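Please read the structure below before turning to the comments.
Quick note: the coordinates plus some simple rules give every number you see, no bench work behind them. Not measured: the values here are computed from a predicted model.
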Amino acid sequence: MSAEAGLILALVGASYQRSAGKAQQKSAYLNAYNIETQKKISDTEAKQRSNDRMEQYRSNLSANIASFAAMGRDIGGADRSVGAFLDRQKQIATDDVARSDFMGMAQGMKLQQQAAATRIEGRARKVAADIGAFTTVVNAINSYSQTKGSGST
């Protein structure tokens, strides 16, 4: 193979290396976008769980008040055991919501970190491909120069 043909093949190879790096970066960015979409879905689901739990609490509160009233218990504050029961149910519901919100936030942070890491990996693959392409070109030019300098074809 001639030195010129070797140089041309090396340049074509370097071009393919760069293209592959760009494609890998594009793919990583698409993956990161999909992860961020998962994060938004996860955030929405966490909010829905909180809303559902509070709705359940309100429904149970109404039922409990009706039951206590039907039993003739004072729900206005004079019957401390009724008040303590209702306060405890409220505390349980707010603890459940806080725990669910925290887990949702933790999941969201995890997904955000995954998206960032995926983007960084994509950029690193592109840089590695660019360096590989540059090295290919430099080696090809060096080889071409040595071949031409020695008078061989």
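Worth a mention:
- All Cα pairs of the chain, percent lying beyond 24 Å: 64 percent
- Inter-part distance where region 81-134 and region 1-18 are each reduced to a Cα centre, Å: 47 Å
- Here, P(r) means the percent of Cα pairs in each 10 Å bin from 0 to the largest distance; for region 38-85 it is 24, 33, 20, 15, 8, 0.
- Against the compact-protein benchmark of 2.2 N^0.38 Å, the Cα-based radius of gyration of region 74-136 scales to 2.51.
- Of the Cα atoms belonging to region 1-60, the radius of gyration and Dmax stand at 25.9, 86 Å.
- For region 78-87, Karplus couplings with θ = phi - 60° (6.51, -1.76, 1.60), whole Hz, Gly/Pro x: 6, 8, 5, 5, 5, x, 5, 4, 5, 5
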